[in-house]
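Worksheet: one structure, shown below.
The values are calculated or read from the model by the stated rules, or taken from the named source; none is laboratory data. All values reported here derive from a predicted model rather than from experimental measurement. Here the Cβ is made from the backbone with ideal geometry for all residues, glycine too, and neighbour counts use every protein chain on show.
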């Protein structure tokens with residue numbers, strides 16, 4: 001579905017991504033794990049069209065998208081749930097979700113999209129008229145995911161969804177990621193919580209200093225001693 | 001009591017002009033964090049546009065107003081495109097200095113083309129003064145107040161109810177997230193400049209009618225006062241700009257009424273200093289708190 005080939009991205013004067021290659025097949029959950037500063041978010045921002053690569057290709061459904069602008073990427077079916085949630089404060093929960101459907105023209109199906117989101121996250125329905133800024137961190141994460149779902153993405157990019165959340169929320173978020181995937185959305189998951197991410201992923205890549213160091217199925221990487229040492233506290 | 005009522009009427013008329021101008025400052029600041037110092041000059045160009053279409057093309061008031069709105073909206077978009085867009089990723093001070101440069105260009109360009117002479121604005125509507133229990137209200141004052149309130153209401157509807165309005169609000173709180181839901185930043189910024197400049201154009205025609213005289217430097221002082229109004233209301237806040245505009249108008253006429261006409265400008269700046277000291281976020285400014 002998506003393949004990244006020889007991707008090089010600079011972040012200011014620093015080469016943040018050095019010739020990265022990976023691919024995602026339709027229906028998979030793929031995870032990119034790595035320490036802070038390994039370049040994970042830079043890769044997502046490049047796919048989303050917010051950053052431009054120096055060289056390399058991003059191919060999505062047989063189309064090169066590395067120079068395509070952000071709104072067109074969303075339109076093509078790639079939605080990102082950014083690191084730190086980035087919900088819109090001052091807008092209600094429902095208005096935040098409405099923003100997620102910004103580019104959709106099929107008005108009838110949007111009502112259904114709200115229902116779907118509220119099914120995944122019943123708490124958002126309870127709080128739909130509340131200012132999004134008053135939600136707890138976990139609820140804001142749910143809202144950010146709900147907002148991305150409103151665009152009806154084929155591929156969902158999740159950037160550190162567990163960051164700063166209480167363990168009970170983390171489990172819930174990961175269950176929902178699995179449910180979203182089971183309902184037909186392909187998922188690219190970026191995580192520092194490698195244990196959790198690898199346990200739900202079909203395949204994973206380990207990123208360090210802007211390069212892919214290792215790859216394999218979720219289970220293989222979980223069992224890998226180098227991965228255990230570096231990322232799983234083993 | 002009678003003088004008070006009279007000054008209230010005068011203050012509200014003048015204030016509604018400041019409010020229209022302040023809205024442009026606050027919306028542009030809200031969306032790209034730029035104090036657009038050329039905003040007062042767009043208002044001047046709106047007044048000149050009105051002057052020409054009424055004199056040369058014999059437009060009536062409504063058409064002069066509508067065409068000035070469209071003219072200034074286009075002008076605002078062009079200025080943003082050529083002057084500010086290339087600096088989108090530069091430090092904020094660069095854009096600020098550029099705005100001052102654009103302001104000088106417009107003022108001196110107009111002086112060069114049309115001379116610095118003051119021109120009398122054509123009286124397209126005959127002034128009629130009504131006497132209401134000792135108070136004098138002119139039809140022009142009512143027209144200014146009515147038009148300004150109508151435009152503000154329209155703006156509120158655009159911001160709250162339309163898709164572009166929602167995009168503006170989203171970009172002003174979080175440009176990155178706005179892009180991630182598919183909002184086109186450039187279109188949204190152009191739209192904001194168009195709206196703000198349209199308000200300034202309307203204000204230009206209204207002030208022409210009110211004061212009867214226009215000149216290429218007429219935008220400087222009202223521009224700065226409207227900026228003060230936006231700061232008092234809380235820069236970035238749309239209701240704040242309206243309220244701030246009315247407050248400045250009332251303050252200015254009030255100071256004149258007690259016989260301190262010479263200090264009417266100084267008082268406005270004094271209030272700015274006081275507000276910045278005691279209420280830096282302005283009346284409607286939000287104290288943002290981040291949730292972790």
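Within the range A:158-172, can you find the residues that are touching a strand residue (DSSP E or B) at 6+ places or on another chain (Cβ under 9 Å) and surrounded by 19 or more Cβ atoms within 10 Å (Cβ to Cβ)?
Passing the criteria: A:158, A:159, A:160, A:161, A:162.
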Could you tell me how many of the residues in the range B:144-192 are in a helix (DSSP H, G or I), more than 11 Å from chain A (Cβ to nearest Cβ) and more than 22 Å from residue B:16 (Cβ to Cβ)? 5
Given the criterion more than 16 Å from the chain's Cα centre (by Cα), at negative phi and without any contact (Cβ under 8 Å) to a residue 60 or more places away in the chain, identify the matching residue among B:95, B:64, B:83. B:83
Output yes when any residue across the range B:191-208 is more than 23 Å from residue B:37 (Cβ to Cβ) and out of contact with any strand residue (DSSP E or B) (no Cβ under 7 Å at 6 or more places or on another chain), and no when none is. no
Of all strands (runs of 3 or more DSSP E) fully inside the range A:122-212, the set with 2 or more residues that are at pLDDT 95 or above, touching a helix residue (DSSP H, G or I) at 6+ places or on another chain (Cβ under 9 Å) and within 13 Å of another protein chain (Cβ to nearest Cβ) is A:155-159
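Here's the yes/no breakdown for (1) touching a helix residue (DSSP H, G or I) at 6+ places or on another chain (Cβ under 7 Å); (2) at positive phi; (3) modelled with pLDDT under 90:
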residue	(1), (2), (3)
B:267	yes, no, no
B:273	no, no, no
B:277	no, no, no
B:289	no, no, yes
Lone unmet requirement of (1) closer than 12 Å to residue A:150 by Cβ; (2) at the interface with another protein chain (Cβ under 9 Å from one of its Cβ atoms) for residue A:113: (2)
Would you tally the residues in the range A:51-98 being more than 8 Å from chain B (Cβ to nearest Cβ), assigned to a loop (DSSP other than H, G, I, E, B) and touching a residue at least 12 places away in the same chain (Cβ under 8 Å)? 13
Of (1) more than 9 Å from every other protein chain (Cβ to nearest Cβ); (2) crowded, with 21+ Cβ neighbours inside 10 Å; (3) closer than 18 Å to residue A:17 by Cβ, residue A:48 satisfies all except one. Which? (1)
Of the criteria (1) over 30 Å from residue A:163 (Cβ atoms); (2) surrounded by fewer than 21 Cβ atoms within 10 Å (Cβ to Cβ), which one residue B:247 fails: (2)
Yes or no: the range B:205-219 includes at least one residue that is touching a residue at least 40 places away in the same chain (Cβ under 8 Å) and within 14 Å of chain A (Cβ to nearest Cβ). no
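Going by the structure shown, is residue A:27 more than 9 Å from every other protein chain (Cβ to nearest Cβ) and assigned to a loop (DSSP other than H, G, I, E, B)? Talk me through it step by step, then tell me what you get.
Numbers: more than 9 Å from every other protein chain (Cβ to nearest Cβ): yes; assigned to a loop (DSSP other than H, G, I, E, B): yes.
Spelling it out, residue A:27 is indeed more than 9 Å from every other protein chain (Cβ to nearest Cβ) and assigned to a loop (DSSP other than H, G, I, E, B).
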Being surrounded by 21 or more Cβ atoms within 10 Å (Cβ to Cβ), touching a helix residue (DSSP H, G or I) at 6+ places or on another chain (Cβ under 8 Å) and modelled with pLDDT of 95 or more narrows it down to one of A:78, A:17, so name that one. A:78
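Going by what's in this entry, would residue B:103 be described as buried (at least 18 other Cβ atoms within 10 Å of the Cβ), part of a helix (DSSP H, G or I) and within 14 Å of chain A (Cβ to nearest Cβ)?
Criteria not met by residue B:103.
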Please specify each residue of the range A:213-234 satisfying the condition of being assigned to a loop (DSSP other than H, G, I, E, B) and either surrounded by fewer than 15 Cβ atoms within 10 Å (Cβ to Cβ) or free of Cβ contacts under 8 Å to residues at least 12 places away in the same chain (or both). A:224, A:233, A:234
Given (1) under 30 Å from residue A:135 (Cβ atoms); (2) within 17 Å of the chain's Cα centre (by Cα), where does residue B:280 come up short, assuming only one miss? (2)
Criterion violated by residue A:184 - all others in (1) on the phi > 0 side of the Ramachandran plot; (2) surrounded by 19 or more Cβ atoms within 10 Å (Cβ to Cβ) satisfied: (2)
Which ones in the range A:99-112 are in contact (Cβ under 8 Å) with a residue 40 or more places away in the chain, more than 19 Å from the chain's Cα centre (by Cα) and outside any loop (DSSP other than H, G, I, E, B)? A:109, A:110
